[in-house]
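The values are calculated or read from the model by the stated rules, or taken from the named source; none is laboratory data. These figures come from a predicted structure and were not determined experimentally. Neighbour counts run over all protein chains shown; Cβ positions are idealised from the backbone, glycine included.
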Amino acid sequence: MSRTLQTDDRGQLRTVDQTLLPFEWRSITLASAEDCREAIVSMRVRGAPLIGAVGAYGLALALRSDPTDTRLHAAHAWLLSARPTAVNLAWALDRVRARVAELAPGERAAAAWQEAGRLCDDDAQCNHRIGEWGAPRLRASARGELSSARPLQVLTHCNAGRLATIDHGTALAPIYALAAAGVPIHVWVDETRPRNQGASLTAWELAQAGVAHTVIADNAGGLLMMRGEVDAVITGCDRVAANGDVANKIGTYLKALAAADNRVPFYVACPVSTLDPASADGASIEIEYRSAREVTHARGRLPDGSVTEVALMDESVRALNPGFDITPARLVTALITEHGVIAADRVAIAELLARGTVGDHVATGREQSR
Ligand code: MRU
């Protein structure tokens, strides 16, 4: 399968419009900073690592027409304002700006484009390593002999797969690694209301990869965990605070609560680009509130094959749509990073950020007790 974001020889980006999946695969071209920002705001591209990558290229494109300091800082701020919760966007924009800030204006656009490309290569490599670290952790969660009749049962929320990254995904990377190794595995896919990233995107990409899966309503996970039908939960993240609190798609917190109550390990796949030492804890992370229309309406396919939007409730109904929630660190069994598996706590995160690498050294009381 090819990478989610590609460049062409005209210096443009090619990707898939994720708002149309799973019913239509339409390739789109992003040729300007404006195109990149629009794609992030409209969620044609989404998922923390992917919006970081598109933001990085967007900054490079902005510098093509005007490589001055003024434009560099203004475009950085303007792209950053596209979506607030995923720290990868700020991380990627900072990385590109730092790379070009000291260069002569005439050299900036090409250097920024190159840096965005390196960032994408790094993302693919990091995610591959998350897969390698995470696979044995998930495998060890199995409650007995695995077979096709009793596969490893993993529950995931939202889409933290290939579509959310350049390649491999974060939360789905260990699942792909296990499937490639021939381990019998089945994924419970949370539908992920209101935008249905699980039903529309995760189910689609698992089907492409030939990984067995079943979509469940968001509220079904607790019952499945209580009945022993979930060996482990793994999600992605949009930002991890210095104390290990995790911001991820709305509904993640409830899954973590249910997992803790049922002694099911709850893993968060977390590239280092998602760690935010500037956020002391989850309370300081800005939560994106999106349009109420995402709650009051839904998109679907009619029997004639056409795709349309329908109202789910009366126009007079008020709705609220927080896009993310915070899972407290105490509910997270471990963070699976590209450098190893660490505890979701202040010390382990600070050590990782200081040293740049860790061994597979996590053994928290919480994890041992599940
Ligand atoms: O609103 P979205 O679809 O961008 O939210 C995506 C998520 O919450 C993912 O879990 C997260 O960004 C990690 S993607 C590897």
What are the residues in the range 133-160 that are under 20 Å from Trp204 (Cα atoms), of a type outside the set (Val, Ile, Thr) and within 16 Å of the ligand (Cβ to nearest atom), if any? Leu155, His157, Cys158, Asn159, Ala160
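When you scan the range 13-21, do you find a residue that is at negative phi, in a strand (DSSP E or B), touching a helix residue (DSSP H, G or I) at 6+ places or on another chain (Cβ under 7 Å) and not basic (Lys, Arg), even just one?
Taking the range 13-21 and keeping what is at negative phi, we get 13-21.
Still in the running and in a strand (DSSP E or B): 13-16.
Going one step further and asking which of them are touching a helix residue (DSSP H, G or I) at 6+ places or on another chain (Cβ under 7 Å), we end up with 13.
Remaining after also requiring not basic (Lys, Arg): 13.
Yes, there is a match, as at least one residue in the range 13-21 is at negative phi, in a strand (DSSP E or B), touching a helix residue (DSSP H, G or I) at 6+ places or on another chain (Cβ under 7 Å) and not basic (Lys, Arg).
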Just wondering, is there one or more residues in the range 222-235 that are of a type in the set (Lys, Arg) and within 19 Å of the chain's Cα centre (by Cα)? no
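Taking the options Pro22, Pro49, name whichever one is over 16 Å from the mean Cα position of the chain (by Cα), in contact (Cβ under 8 Å) with a residue 40 or more places away in the chain and within 15 Å of the ligand (Cβ to nearest atom). Spell out the reasoning first.
Values: Pro49 fails: over 16 Å from the mean Cα position of the chain (by Cα).
Just a single option satisfies the conditions, and that option is Pro22.
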Scan the range 289-299 and give yes if some residue there is within 29 Å of Ala259 (Cβ to Cβ), in contact with a strand residue (DSSP E or B) (Cβ under 8 Å, 6 or more places away or on another chain), assigned to a strand (DSSP E or B) and not acidic (Asp, Glu), otherwise no. yes
Scan the range 91-113 and tell me whether some residue there is touching a helix residue (DSSP H, G or I) at 6+ places or on another chain (Cβ under 9 Å) and under 16 Å from Arg162 (Cα atoms). no
Does any residue in the range 262-278 that is surrounded by fewer than 23 Cβ atoms within 10 Å (Cβ to Cβ) come within less than 6 Å, Cβ to Cβ, of a residue that is in a loop (DSSP other than H, G, I, E, B) six or more places away or on a different chain, and which pairs are these? Arg263/Arg370; Pro265/Ser141; Pro265/Thr333; Pro265/Arg370; Pro277/Ala242
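Just to check your reading of the model, which residue among Ala82, Ala112, Ala116, Ala92 is more than 27 Å from Gln208 (Cβ to Cβ), assigned to a helix (DSSP H, G or I) and not assigned by TED's automatic domain parsing to the domain that holds Thr274?
Numbers: Ala82 fails: assigned to a helix (DSSP H, G or I); Ala116 fails: more than 27 Å from Gln208 (Cβ to Cβ); Ala92 fails: more than 27 Å from Gln208 (Cβ to Cβ).
Of Ala82, Ala112, Ala116, Ala92, the one residue that is more than 27 Å from Gln208 (Cβ to Cβ), assigned to a helix (DSSP H, G or I) and not assigned by TED's automatic domain parsing to the domain that holds Thr274 is Ala112.
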Checked pairs for the range 54-67, first β-branched (Val, Ile, Thr), second part of a helix (DSSP H, G or I), C-beta under 7 Å and 6 or more apart or across chains, list as Val54/Cys36; Val54/Ala39; Val54/Ile40
Quick one: which helices (runs of 4 or more DSSP H) lie wholly within the range 137-228 and hold at least 1 residues that are within 20 Å of Asn127 (Cβ to Cβ)? 172-180, 203-209
Need pairs with beta-carbon distance below 9 Å; first residue more than 8 Å from the ligand (Cβ to nearest atom) and within the range 161-172, second acidic (Asp, Glu); sequence gap 6+ or separate chains. Arg162/Glu205; Leu163/Glu205; Ile166/Asp121; Ile166/Asp122; Ile166/Asp123; Asp167/Asp123; His168/Asp123; Leu172/Glu205
Considering the range 129-150 alone, what residues qualify as being touching a Gly at 6+ places or on another chain (Cβ under 8 Å), over 17 Å from Thr337 (Cα atoms) and modelled with pLDDT of 95 or more? Arg150
